[in-house]
1. In the set 119, 128, which member is outside any helix (DSSP H, G or I) and either on the phi < 0 side of the Ramachandran plot or surrounded by 15 or more Cβ atoms within 10 Å (Cβ to Cβ) (or both)?
2. Does residue 99 satisfy being modelled with pLDDT under 75, farther than 14 Å from residue 19 by Cβ, surrounded by 17 or more Cβ atoms within 10 Å (Cβ to Cβ) and not hydroxyl-bearing (Ser, Thr, Tyr)?
3. Looking only at the range 136-157, how many residues end up being modelled with pLDDT of 85 or more and outside any helix (DSSP H, G or I)?
4. Filter the range 21-36 down to the residues that are in contact (Cβ under 8 Å) with a residue 60 or more places away in the chain and crowded, with 19+ Cβ neighbours inside 10 Å and list them by number.
5. Which of the numbered conditions does residue 7 fail, given that it passes all the others? Conditions: (1) exposed (fewer than 13 other Cβ atoms within 10 Å of the Cβ); (2) over 17 Å from residue 116 (Cβ atoms).
6. Taking the condition of being hydrophobic (A, V, I, L, M, F, W, C) and under 18 Å from the mean Cα position of the chain (by Cα), how many residues in the range 29-56 meet it?
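The values are calculated or read from the model by the stated rules, or taken from the named source; none is laboratory data. Everything numeric here is computed off the predicted structure, so don't read it as measured data. Backbone-built Cβ (ideal geometry, glycine too); neighbour counts: all protein chains shown.
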Amino acid sequence: MTDALNTHASAWRMVDSGVPLAFVKELMALVEASPAIQGLIRMWDQEPDAQERAETLVALQELVEDNAHEPGARSAERLDDDDALLAERMAWKAHLRRLVDAHGGVSAVARRAGLPQPSLSRMLSTPSEPRAKTLMRLAAAMGVEVGALHPTEDEPEKNVVHLSEGYRAEVSYGELLFGVRSRPRRSWRGAR
């Protein structure tokens, strides 16, 4: 019981120090399932050095992502075998970094996305593949479509469309996912 109270108190101190509330909520949802998260939260709270605290936040972000069980994440170790993929990934990360810088920089975008700033910095500087949830949060924080995060080879910068400027196609959710048009809606009012 005392450990749980201490962990909750540490979590509130994280929020008070500027760690996004959404991230702390994710941590607290996983505390029961992962004693490592509880230990790292307490370690963060007891650490006076800002750099060590930042590194602890990065470790916590990685644990949150590991516990999310989202398919498709690949580690940097598995990327080392394929130089072409690695070069492509780093070119994409450079594009993503330019996009982040154009929208206020790493700190501002991380704050708006509800991510710890060290985690976003690390994601931008390593070849690891970010999770879809992280990309959606980044796109929302920058006010762009998720597709804008991936440049086209022909015109990389023309791929950026702000949500307020974009064309909205009349397509159903099912058509986007499966390429199948939903049946047209029929009005039965006045039909005989």
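1. Working: 119 fails: outside any helix (DSSP H, G or I).
Of 119, 128, the one residue that is outside any helix (DSSP H, G or I) and either on the phi < 0 side of the Ramachandran plot or surrounded by 15 or more Cβ atoms within 10 Å (Cβ to Cβ) (or both) is 128.
2. Working: modelled with pLDDT under 75: no; farther than 14 Å from residue 19 by Cβ: yes; surrounded by 17 or more Cβ atoms within 10 Å (Cβ to Cβ): yes; not hydroxyl-bearing (Ser, Thr, Tyr): yes.
Criteria not met by residue 99.
3. 3
4. Our first condition is that a residue be in contact (Cβ under 8 Å) with a residue 60 or more places away in the chain; within the range 21-36, this holds for 21-23.
Hit for the range 21-36 is 23, nothing else.
5. Only one criterion is unmet by residue 7, namely (1).
6. Keep residues of the range 29-56 that are hydrophobic (A, V, I, L, M, F, W, C), which gives 29-31, 33, 36-37, 40-41, 43-44, 50, 54.
Of the ones still in play, those that are also under 18 Å from the mean Cα position of the chain (by Cα) are 29-30, 54.
Going through the range 29-56 one residue at a time, the tally reaches 3.
Residue-by-condition table, conditions (1) closer than 22 Å to residue 2 by Cα; (2) of a type outside the set (S, T, N, Q); (3) without any contact (Cβ under 8 Å) to a residue 12 or more places away in the chain:
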{"site": "38", "(1), (2), (3)": "yes, no, no"}
{"site": "43", "(1), (2), (3)": "yes, yes, no"}
{"site": "46", "(1), (2), (3)": "yes, no, yes"}
{"site": "50", "(1), (2), (3)": "no, yes, yes"}
{"site": "54", "(1), (2), (3)": "no, yes, no"}
{"site": "58", "(1), (2), (3)": "no, yes, no"}
{"site": "61", "(1), (2), (3)": "no, no, no"}
